[in-house]
């Protein structure tokens, strides 16, 4: 596609529920990243995929967070037993290779846990 | 102490002014330096990137990196109301997978 597409754009869920956030990167981009941005803060790294494998998942805050990219294109970020502190904008980005020269970000999914 | 420090502002300037945005950092291994612009409710958009020290110019934008001082800057000449946004500095080291972002400076350019 022309850009990085994230769905849904907004998600409101109840505390304790499970959510899935989807990212469709730019076609041909092998590197895919998930970041989380809280109000008034810069994006914080969550996980990096090179192809189908997670090359670095050191930013995932705990085992309630999991992400997959089974065919090396679309990725899904999964959050179990959501907590109010998980409320943030979840950003996906992609790049042709390692991303040394920057990424293309999607518009994000605004997650609100009530 | 955060790895990347950036004054959150807000910074308010009149149209046509020269704007200076800055970040300091603590990790001497950072080699790639970027500036992103983020409009409200949008994802960050890459403006400039620089490798190691030096200057880079692109239209009204100039990025500077001073690795000896661990200090980077973005200058915007002839600022326009459409430049009103949050500006995020970002950096990473060679071979690293993650980019570290500053908190962003909110800029308002008044017509």
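The values are calculated or read from the model by the stated rules, or taken from the named source; none is laboratory data. Note that this is a predicted model, so its numbers are computed, not measured. Every residue, glycine among them, receives a Cβ derived from its backbone with ideal geometry; neighbour counts consider all protein chains shown.
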Query raised in the report: Any residue at all in the range B:56-64 that is within 14 Å of another protein chain (Cβ to nearest Cβ), buried (at least 20 other Cβ atoms within 10 Å of the Cβ) and either out of contact with any helix residue (DSSP H, G or I) (no Cβ under 6 Å at 6 or more places or on another chain) or modelled with pLDDT of 95 or more (or both)?
Result: yes
Report summary line: Going through the range A:55-67 in order, the residues found to be within 12 Å of residue A:34 (Cβ to Cβ) and surrounded by 14 or more Cβ atoms within 10 Å (Cβ to Cβ) are A:56, A:57, A:59, A:60, A:65, A:66, A:67
Query - strands (runs of 3 or more DSSP E) within the range A:31-114 that include 1 or more residues within 28 Å of residue B:93 (Cβ to Cβ) - result: A:31-37, A:44-50, A:53-56, A:65-68, A:75-79, A:88-95
Query raised in the report: Would you pick out the residues in the range A:73-99 that are surrounded by fewer than 19 Cβ atoms within 10 Å (Cβ to Cβ) and within 29 Å of residue B:33 (Cβ to Cβ)?
Result: A:96, A:97, A:98
**Report entry** Residue ID - surrounded by the fewest Cβ atoms within 10 Å (Cβ to Cβ), chosen from residues in the range B:97-111 that are in contact (Cβ under 8 Å) with a residue 60 or more places away in the chain and within 10 Å of chain A (Cβ to nearest Cβ)
**Finding:** B:106
Query raised in the report: When you scan the range A:1-16, how many residues do you find that are more than 19 Å from residue B:40 (Cβ to Cβ), assigned to a loop (DSSP other than H, G, I, E, B) and in contact with a strand residue (DSSP E or B) (Cβ under 8 Å, 6 or more places away or on another chain)?
Result: 3
**Report entry** Residues (part of a loop (DSSP other than H, G, I, E, B) and more than 19 Å from residue B:63 (Cα to Cα)) located in the range B:10-21
**Finding:** B:10, B:15
Requested in this report: Can you give me the number of residues within the range B:30-40 that are outside any strand (DSSP E or B) and under 20 Å from residue A:94 (Cβ atoms)?
Outcome: 1
Report summary line: If you go through B:73, B:82, the only one that is over 19 Å from residue A:34 (Cα atoms) and surrounded by fewer than 14 Cβ atoms within 10 Å (Cβ to Cβ) is B:82
Requested in this report: Scan the range B:23-54 for residues that are at positive phi and within 10 Å of chain A (Cβ to nearest Cβ) and jot them down.
Outcome: B:41
Query raised in the report: residue A:53 passes all but one of (1) out of contact with any strand residue (DSSP E or B) (no Cβ under 7 Å at 6 or more places or on another chain); (2) in contact (Cβ under 8 Å) with a residue 24 or more places away in the chain; (3) within 14 Å of chain B (Cβ to nearest Cβ); which number fails?
Result: (2)
Query raised in the report: Looking at the range A:9-41, which of its residues are away from chain B (no Cβ under 14 Å) and within 24 Å of residue A:81 (Cα to Cα)?
Result: A:11, A:12, A:13, A:14, A:15, A:16, A:17, A:18, A:19, A:20, A:22
**Report entry** Pairs where the first residue, in the range B:65-92, is under 14 Å from residue B:31 (Cβ atoms) and the second is at pLDDT below 95 and assigned to a loop (DSSP other than H, G, I, E, B), C-beta under 6 Å, 6+ apart
**Finding:** B:65/B:53; B:67/B:53; B:90/B:99; B:92/B:99
